[in-house]
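Report on the following structure.
The values are calculated or read from the model by the stated rules, or taken from the named source; none is laboratory data. Keep in mind that what you see is a predicted model, and the values were worked out from it rather than measured. Note: ideal-geometry Cβ built from the backbone for every residue, glycine included; neighbour counts use all protein chains shown.
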Amino acid sequence: MPKHYSLTASLKDAFRTDVAVRGHKLVMDETPDVGGKDAGPLPFELLAAALAGCTALTLRAYANHKKIALDGVELEISLTRRDPSEVVAAGPGAKTVVIRKKLKFSDKVPADLRQKLLEIAAKCPVNKALLEGCETSAELG
């Protein structure tokens, strides 16, 4: 797994943003109510998708390593952005963004394995980055 990732993003008309990464192309946009054209997912939706995808890949890697048949896995990600008043009401230590992850497994996956898979899911690198926080910086180029 690489340790460094990079991509380019280009702001187009209105809010549309085209992203290029390793030969793949993605589009992000805002919804029409704020002036976008809904040409692609919102940035927070892509953040949730990154978490879901990373979790699924982590579960698959674990299952392959342990030679476990893992079929019928579904993930539901819910991401909520709180207003400042909601953060205050939630109490000390409350965060502005709340992410909930629900894992669903087929009936073929035993209960004890489900619990282990839930623990493994928390080890996905995107999940860890979200929990730890990230150093960010910006510069003119």
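Structure data summary
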read-out: Leading residue by the ranking (modelled with the lowest pLDDT) among those in segment 92-134 that are outside any loop (DSSP other than H, G, I, E, B) and among the small types (Gly, Ala, Ser); value: 111
read-out: Contacts under 8 angstrom Cβ, first residue in segment 21-36 being of a type in the set (S, T, N, Q), partner in a strand (DSSP E or B), 6 or more apart; value: none
read-out: Test for residue 46: is it among the aliphatic types (A, V, I, L, M), assigned by TED's automatic domain parsing to the domain that holds residue 11 and either closer than 30 Å to residue 3 by Cβ or modelled with pLDDT under 95 (or both); value: no
read-out: Breaking point among (1) in a loop (DSSP other than H, G, I, E, B); (2) in contact (Cβ under 8 Å) with a residue 12 or more places away in the chain, for residue 137; value: (2)
read-out: Cross-chain or 6+ apart pairs with Cβ under 8 Å, segment 61-80 first and in the same structural domain as residue 95 (by TED's automatic domain parsing) and loosely packed, with under 11 Cβ neighbours inside 10 Å, then among the small types (Gly, Ala, Ser) and not in a loop (DSSP other than H, G, I, E, B); value: 69/63; 78/48
read-out: Unique match (being basic (Lys, Arg) and either touching a Ser or Thr at 6+ places or on another chain (Cβ under 6 Å) or within 16 Å of residue 61 (Cβ to Cβ) (or both)) among 116, 95, 102; value: 116
read-out: Flag if residue 104 is touching an Asp or Glu at 6+ places or on another chain (Cβ under 9 Å) and surrounded by fewer than 14 Cβ atoms within 10 Å (Cβ to Cβ); value: yes
